[in-house]
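The values are calculated or read from the model by the stated rules, or taken from the named source; none is laboratory data. Computed from a predicted structure; not experimentally measured. Every residue, glycine as well, gets a Cβ built from its backbone with ideal geometry; the counts of neighbours run over all protein chains shown.
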Amino acid sequence: MNTEAATEFTTRYTAAWCSQDPASVAAFFAENGSLAVNEDAPAKGREAITAVAMGFMTTFPDMVLRMDGIEAQGDEFIFRWTLIGTNSGPDGNGNAVQISG
């Protein structure tokens, strides 16, 4: 994958996270793919990935994921992002958050 293709891919992936459609996030993963968040055990498979995305979208209903950039490192790319939202979902505390990764 070249930088142009990686940029296009990460732009679509970022839009999926902003869509409020958790299945659109999971569609970026292979059927048996996995998504690790922090120290949690990886979510394995699209159904589990959909559940993780739904958790974020429920907790932060105004969530926006911003693509801060991508960086090529050999044959791989690092995707830099920032999540911005308000913890106003069920049991939310109303606090604004900004998380980068």
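Table for the structure above
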quantity: Leading residue by the ranking (nearest to the chain's Cα centre (by Cα)) among those in segment 12-41 that are surrounded by fewer than 12 Cβ atoms within 10 Å (Cβ to Cβ) and within 20 Å of I99 (Cβ to Cβ); calculated: A36
quantity: Contacts under 7 angstrom Cβ, first residue in segment 13-39 being touching a residue at least 40 places away in the same chain (Cβ under 8 Å), partner assigned to a helix (DSSP H, G or I) and surrounded by 14 or more Cβ atoms within 10 Å (Cβ to Cβ), 6 or more apart; calculated: W17/V25; Q20/M57
quantity: Hits in segment 28-70 (condition: hydroxyl-bearing (S, T, Y) and over 20 Å from R80 (Cα atoms)); calculated: T50, T58, T59
quantity: Subset of segment 8-36 [of a type outside the set (S, T, N, Q) and touching a strand residue (DSSP E or B) at 6+ places or on another chain (Cβ under 9 Å)]; calculated: F9, Y13, A15, A16, W17, C18, V25, A26, F29, G33, L35, A36
quantity: Residue count for segment 62-86, restricted to those that are over 14 Å from the mean Cα position of the chain (by Cα) and surrounded by 15 or more Cβ atoms within 10 Å (Cβ to Cβ); calculated: 3
quantity: Residues of segment 17-52 classified as touching a Pro at 6+ places or on another chain (Cβ under 9 Å) and either closer than 21 Å to E76 by Cα or at pLDDT below 95 (or both), total; calculated: 4
quantity: Conditions (1) modelled with pLDDT of 95 or more; (2) in contact with a helix residue (DSSP H, G or I) (Cβ under 8 Å, 6 or more places away or on another chain); (3) of a type in the set (A, V, I, L, M); number of the one not met by M1; calculated: (1)
quantity: Flag for T50 being buried (at least 17 other Cβ atoms within 10 Å of the Cβ), closer than 23 Å to A96 by Cβ and either polar (S, T, N, Q) or more than 14 Å from the chain's Cα centre (by Cα) (or both); calculated: no
quantity: Test: F9 is assigned to a loop (DSSP other than H, G, I, E, B), aromatic (F, W, Y) and at pLDDT 95 or above; calculated: no
